[in-house]
Structures are given as structure tokens and as C-alpha cells.
Amino acid sequence: MGRYNRQKPQKLAEKLLQIRKKLGLSQNELIRHLNLENEITQSRISGYELGTREPSLPTLLRYARLVGISTDILIDDEAELPFEKK
């Protein structure tokens, strides 16, 4: 059996970075706000923001809840964050 290569969201990394910047948090502060202190490290957040790693679905849900948006907005490349610069 082969692995299915799914299409990855192209704007996810940018959106996750924008969320952190909008909240005015460092990567370590973001981890605390996401209540993930015992699960992920600053280097993992950096990987999410650089697009070299993808967060798990539960982590994406935490990001979305933190800013009061749907996870759809995070993963849909055509959707914009409600506070994105035009």
C-alpha cells in the first residue's frame, strides 16, 4: 500500500504566524496560551510558522479557539483571517 499525498494548505504557516503576531506573543508565550507546555517546544512552533512542519488537528483547533475562528479559515487557502491586512 502506498501513502496518499494530500494537498497541504499553502497559507497555513503564514496564518499561524499572523495569529501569534496579532496576539503579541513570543513563541514560548503562545505555547502557554495554547496550553501545550508539556506537548510541544518553541522549535516546533517555529517549524509551523516556517512551513517545515504541520500542526496536528488538535493543535489547529487550539489555535482557532484561541482567536475565535473556525479551523476552516486556517486550512482554506482562499479564506482570510478576520484580522488580516488587505
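The values are calculated or read from the model by the stated rules, or taken from the named source; none is laboratory data. Source: prediction; values computed, not measured. We place every Cβ from the backbone using ideal geometry, glycine too, and count neighbours over all the protein chains shown. Only protein heavy atoms, including side chains, enter the accessible area calculation; ligands, DNA and RNA are left aside. Shrake-Rupley method; radii C 1.70, N 1.55, O 1.52, S 1.80 Å.
Assorted remarks:
- Top-ranked residue of the range 1-20 - restricted to ones that are loosely packed, with under 11 Cβ neighbours inside 10 Å and of a type outside the set (A, V, I, L, M), ranked as nearest to Ile69 (Cα to Cα): Gln10
- Just one of (1) more than 13 Å from the chain's Cα centre (by Cα); (2) surrounded by 12 or more Cβ atoms within 10 Å (Cβ to Cβ) fails for Gly47. It is (1).
- Applying the condition of being hydrophobic (A, V, I, L, M, F, W, C) and within 20 Å of Ile73 (Cα to Cα) to the range 21-30 and asking which residue is most open to solvent (accessible area, probe 1.4 Å) yields Leu23.
- Extreme residue, least open to solvent (accessible area, probe 1.4 Å), among residues of the range 50-76 that are among the acidic types (Asp, Glu) and out of contact with any helix residue (DSSP H, G or I) (no Cβ under 8 Å at 6 or more places or on another chain): Asp76
- Residues of the range 31-44 that are under 19 Å from Ile75 (Cα atoms) and either open to solvent by less than 30 Å² (accessible area, probe 1.4 Å) or in contact with a strand residue (DSSP E or B) (Cβ under 9 Å, 6 or more places away or on another chain) (or both): Leu34 alone.
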